[in-house]
1. Tell me the strands (runs of 3 or more DSSP E) entirely within the range 270-366 that contain at least 3 residues that are of a type in the set (Phe, Trp, Tyr).
2. Output the residues belonging to the range 291-323 that are out of contact with any Gly (no Cβ under 6 Å at 6 or more places or on another chain) and more than 18 Å from Ile189 (Cβ to Cβ).
3. Limited to the range 207-236, what total is found for residues that are of a type in the set (D, E, K, R) and either outside any loop (DSSP other than H, G, I, E, B) or open to solvent by less than 20 Å² (accessible area, probe 1.4 Å) (or both)?
4. Give the residues of the range 181-206 that are of a type outside the set (Ser, Thr, Tyr) and open to solvent by 20 Å² or more (accessible area, probe 1.4 Å), sorted by residue number.
5. Hey, among the residues in the range 30-40 that are crowded, with 20+ Cβ neighbours inside 10 Å and among the aliphatic types (A, V, I, L, M), which one's nearest to the chain's Cα centre (by Cα)?
6. I'd like the residue in the range 115-173 that is open to solvent by less than 60 Å² (accessible area, probe 1.4 Å), basic (Lys, Arg) and at pLDDT 95 or above and, out of all such residues, is farthest from His184 (Cα to Cα).
7. Can you tell me which residue among Pro24, Pro81, Pro73 is touching a Gly at 6+ places or on another chain (Cβ under 8 Å) and closer than 26 Å to Pro104 by Cα?
8. For the subset of the range 41-91 comprising residues that are on the phi > 0 side of the Ramachandran plot and open to solvent by less than 60 Å² (accessible area, probe 1.4 Å), which member is modelled with the highest pLDDT?
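The values are calculated or read from the model by the stated rules, or taken from the named source; none is laboratory data. Treat the numbers as computed from the prediction; the structure is a model and nothing was measured. Don't worry about glycine lacking a Cβ; one is built from the backbone with ideal geometry, like all the others, and counts go over all protein chains shown. Please note that ligands, DNA and RNA were not included when accessible areas were found on the heavy atoms of the full protein model with its side chains. Shrake-Rupley method; radii C 1.70, N 1.55, O 1.52, S 1.80 Å.
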Amino acid sequence: MYTKYMSKAIELAQKGLGYTSPNPLVGTVIVKENRIIGEGYHQYYGGAHAEINAFNNATENVQGATLYVTLEPCSHYGKTPPCVKAIIEKKISKVVIGMMDPNPIVAGNGMKNLKEHGIEVVCGILEDKVKQLNEIYIKYITTKLPFCILKTAMTLDGKIASSIGDSKWITNEESRKYVHEIRHKVSGIMVGIGTVLADNPKLTTRLENKKGKDPIRIIVDSTAKIPLDSNVLKLDSTTQTIIATTEKATELKLTALKEKGAKIIVTPLKNDKVDLGFLMQMLGKQGIDSILIEGGSTLNYSAIKGGIVDKVISFIAPKIIGGTSAKTPVGGEGIKYIKDAVLLDNIQISLFNEDIMIEGYIRKEE
């Protein structure tokens with residue numbers, strides 16, 4: 001019975017995808033006499049929490065009911081009052097929780113407060129699913145670093161473009177639609193200057209039947225050689241563009257970029273390039289909790305080598321183009337020995353028509 005209603009709460013939480021950052025995705029179901037009498041989810045950052053929305057949507061008195069919530073109710077004052085206080089005042093008899101809130105200022109305090117007021121608490125229902133739902137929030141709230149997803153798309157023979165650089169399109173329309181769903185979900189999208197020069201992308205979100213949220217555009221460009229007429233500098237989107245560069249950029253060019261509306265982050269040099277670890281710290285301080293890396297092979301290798309990648313999503317199209325000089329998803333110096341290869345855990349495989357998508361998490365060294 002617990003899993004039935006928690007599954008519903010997870011389903012509700014997913015409706016907030018793309019809107020709650022840097023807050024978690026949370027869903028709530030209120031059950032009385034085996035009937036759902038209230039539902040709610042956290043709809044947007046700064047808005048009412050899931051529990052409050054469920055109370056507001058309740059069709060009858062919630063006293064004595066059981067409240068199912070994907071994440072431990074908050075016990076502190078933030079942008080909204082603590083949900084624990086409302087649960088106690090509404091005289092809920094039992095609270096079933098998906099997972100404890102990893103936020104240090106909550107972490108167990110919400111449950112403790114509920115128990116002290118005589119409310120029965122059950123925690124850990126569908127916990128793995130709830131953790132996956134909030135993988136971005138969990139990393140960001142505990143490290144203040146963005147959760148980074150490396151996305152690649154290649155042919156069956158491992159190419160991201162032909163020998164002359166043609167790459168439109170490796171994957172099919174269904175795969176590309178899904179990538180825009182990911183863009184909608186994350187706070188930022190990061191590419192290298194090579195991608196900007198080759199493709200001149202807009203890096204916006206285009207969804208069917210609803211308005212997507214454009215991620216903040218982050219361009220890794222150690223010498224700031226990005227053309228001033230690049231699409232990412234035509235700020236027709238409400239989101240900003242950040243140029244991550246180094247001391248090798250001229251003040252004259254940085255001034256011109258600022259005049260175009262771009263924000264500049266200057267990092268130390270690392271291997272004569274942008275220090276991605278430093279960049280992640282700076283982006284985290286700006287509230288950017290997640291980044292989709294859609295770089296070329298050089299940036300992809302630097303991101304993996306720099307240890308900033310948490311998750312990999314790789315699309316494989318059943319096409320063969322060959323070409324010794326045709327680029328692969330990950331370039332750079334490369335790893336010399338197979339025994340040192342980067343490994344993925346928790347692999348999932350999906351089909352988008354004839355395209356295969358493989359996703360997994362970078363295995364962390366013990």
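1. It comes to none.
2. If the condition is that a residue be out of contact with any Gly (no Cβ under 6 Å at 6 or more places or on another chain) and more than 18 Å from Ile189 (Cβ to Cβ), then Lys305, Gly307, Ile316, Ala317, Pro318, Lys319, Ile320, Ile321, Gly322, Gly323 are the ones that fit.
3. Of the residues in the range 207-236, 2 are of a type in the set (D, E, K, R) and either outside any loop (DSSP other than H, G, I, E, B) or open to solvent by less than 20 Å² (accessible area, probe 1.4 Å) (or both).
4. Glu181, Arg183, Lys185, Ile193, Gly194, Leu197, Ala198, Asp199, Asn200, Pro201, Lys202, Arg206
5. Per the stated criteria, the residue is Ile30.
6. Among those that are open to solvent by less than 60 Å² (accessible area, probe 1.4 Å), basic (Lys, Arg) and at pLDDT 95 or above, it is Lys139.
7. Sole residue among the options that is touching a Gly at 6+ places or on another chain (Cβ under 8 Å) and closer than 26 Å to Pro104 by Cα: Pro73.
8. Step by step, filter the range 41-91, then rank; the result is Gly64.
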